[in-house]
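Here is the structure we will look at.
The values are calculated or read from the model by the stated rules, or taken from the named source; none is laboratory data. Quick caveat, the model's predicted, so the values are computed rather than measured. In this analysis, Cβ positions are derived from the backbone assuming ideal geometry, glycine residues included, and neighbour counts consider all displayed protein chains. Keep in mind that these areas ignore ligands, DNA and RNA; they rest on the heavy atoms of the full protein, side chains included. Shrake-Rupley method; radii C 1.70, N 1.55, O 1.52, S 1.80 Å.
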Amino acid sequence: MRLTQAGLLLGGVYVAVVFIDPARGTIDANERVKEVVQAVTAGQIDKPLELAPSEIADIRPTSMAERLRVSGDLEPINRAVLHAKDGGRIVEVHAVAGQAVKAGDVLVRFETDDLRSILRQREGDRDVAMAEMLLAMQSLNRIEQLAVKNIASQEQLDKARSEVAATTARLKSLSAQADIARTGLRDAEILAPFDGVISKRAIDPGSRVAAGAELFTIVDTSVLEAEVLVSTRDVPRIAIGQRAELRIDGLNGQTAIGRVDRIGPVADHGTRFIPVYIRLSDNDARLRGGMFATGSILIRQNEDAIVIPAISLRRDETGDYVLKLKRGRLVRQPVTVGSGWGGKDGVEISRGLVYGDTIVTVPLPRLKPDVAVTIPKAG
């Protein structure tokens, strides 16, 4: 009879199961089955079953993190291509490629002799028009006084009013032309729009350029972003503000910290990937546009998760459970499996276990609810 029982036990555990306990090493469940069979054949079936320390686990808080692997190129967020507003000859160039500049620094000066002459002419014409308008207004004032006394005719009054309107319109036109000339003179100096580094210079002193010609490209390398591609399957798990850690090629393994700043609205039709933009701060000026970055986005994190070895989870007709040690006996403890981010070797438990519980971590068929067990003391 005992041999039959032993045979049944052996038949029930023919498939070998191996699990890894980080604290205690690798255990072969088949070896443990042999010990149980030996206990049965030796007539010790009613005695408490002795469990090795490697066959149990105490429930403790576990730090869990889910990350999404990403990679992409770095690009500056602030980038400007400076163009000439008007054509002209360049007399001064104050920056070269690779040079750091401050907002408001003069980068280019155009020849201004003609512009200054035009401005003086426009301002002179405006002053003449202003004097003519004042004379017309004085004449209108006298005629209005004479018209009250019926000395001036209605025709004279209408003519004086028309003269005031004409001189006023001419003054406005010439004032606008003077403002345009003044703006043209101001635009003869090209200023840096923000703090940055010149990445390209397209002109030289003495050259003549047309209106709209490209002069400089300036970039702000203090704030860059990494454009990474994420599959449409994973994009729903991405959210604005999630932390990212990226290793930048050329920085000897140093890590740059960033946050998800923007998520593209449309996937590429060919690849079905969506661009996600991770904003990085580079206070040390280590980063450069065009660098390649690899790393991960932190999707979620739990510092107090309960994770058990996947091999310790059992299931029957009423649901999932584990075997918990309580006062020297095994009890059936129903559990609720969490979101499943424990990986293939671990299972997150969202309900049913608390810190300090002790559970069985081996799938031996002899281990069932209400079985008495003992654990040898160390030493």
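A few remarks follow.
- Pairs with Cβ under 9 Å, 6+ apart, first in the stretch 247-273 and over 15 Å from residue 233 (Cα atoms), second open to solvent by 70 Å² or more (accessible area, probe 1.4 Å) and among the aliphatic types (A, V, I, L, M): 259/240; 260/240; 261/240; 262/240
- Among the candidates 361, 374, the residue that is among the polar types (S, T, N, Q), open to solvent by 20 Å² or more (accessible area, probe 1.4 Å) and either farther than 30 Å from residue 227 by Cβ or touching a Lys or Arg at 6+ places or on another chain (Cβ under 7 Å) (or both) is uniquely 374.
Results for (1) open to solvent by less than 40 Å² (accessible area, probe 1.4 Å); (2) aliphatic (A, V, I, L, M); (3) without any contact (Cβ under 8 Å) to a residue 40 or more places away in the chain; (4) in contact with a helix residue (DSSP H, G or I) (Cβ under 8 Å, 6 or more places away or on another chain), shown as yes or no for each residue.
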site	(1), (2), (3), (4)
77	no, yes, no, no
83	no, no, no, no
94	no, no, yes, no
97	no, yes, no, no
100	no, yes, no, no
105	no, no, no, no
115	no, yes, no, yes
118	no, yes, no, yes
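- Qualifying residue in the stretch 200-209 (condition: open to solvent by less than 70 Å² (accessible area, probe 1.4 Å), farther than 30 Å from residue 65 by Cα, in contact with a Leu (Cβ under 9 Å, 6 or more places away or on another chain) and part of a strand (DSSP E or B)): yes
- Taking first residues from the stretch 162-173 that are open to solvent by 70 Å² or more (accessible area, probe 1.4 Å) and partners that are at pLDDT below 95, the Cβ contacts under 8 Å between residues at least 6 apart in sequence or on separate chains come to 163/136; 163/139; 163/140; 170/129; 170/132; 170/133.
- Of note, residue 97 satisfies the criterion of being out of contact with any Cys (no Cβ under 8 Å at 6 or more places or on another chain) and closer than 30 Å to residue 216 by Cα.
- Considering the conditions (1) loosely packed, with under 15 Cβ neighbours inside 10 Å; (2) touching a Ser or Thr at 6+ places or on another chain (Cβ under 9 Å); (3) within 26 Å of residue 236 (Cα to Cα), residue 63 is excluded by exactly one of them, (2).
Let's see how each residue does on (1) of a type in the set (Asp, Glu); (2) open to solvent by 80 Å² or more (accessible area, probe 1.4 Å); (3) more than 17 Å from the chain's Cα centre (by Cα):
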| position | (1), (2), (3) |
| --- | --- |
| 217 | no, no, yes |
| 220 | yes, no, yes |
| 226 | no, no, no |
| 237 | no, yes, no |
| 241 | no, no, no |
| 246 | no, no, no |
| 250 | no, no, yes |
| 263 | no, no, no |
| 269 | no, yes, yes |
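- The residues on offer are 143, 151, and the sole one that is aliphatic (A, V, I, L, M), assigned to a loop (DSSP other than H, G, I, E, B) and either open to solvent by 80 Å² or more (accessible area, probe 1.4 Å) or touching a Leu at 6+ places or on another chain (Cβ under 8 Å) (or both) is 151.
- Screening the stretch 220-311 for strands (runs of 3 or more DSSP E) wholly inside it with 1 or more residues that are closer than 30 Å to residue 360 by Cβ and acidic (Asp, Glu) returns the ranges 292-305.
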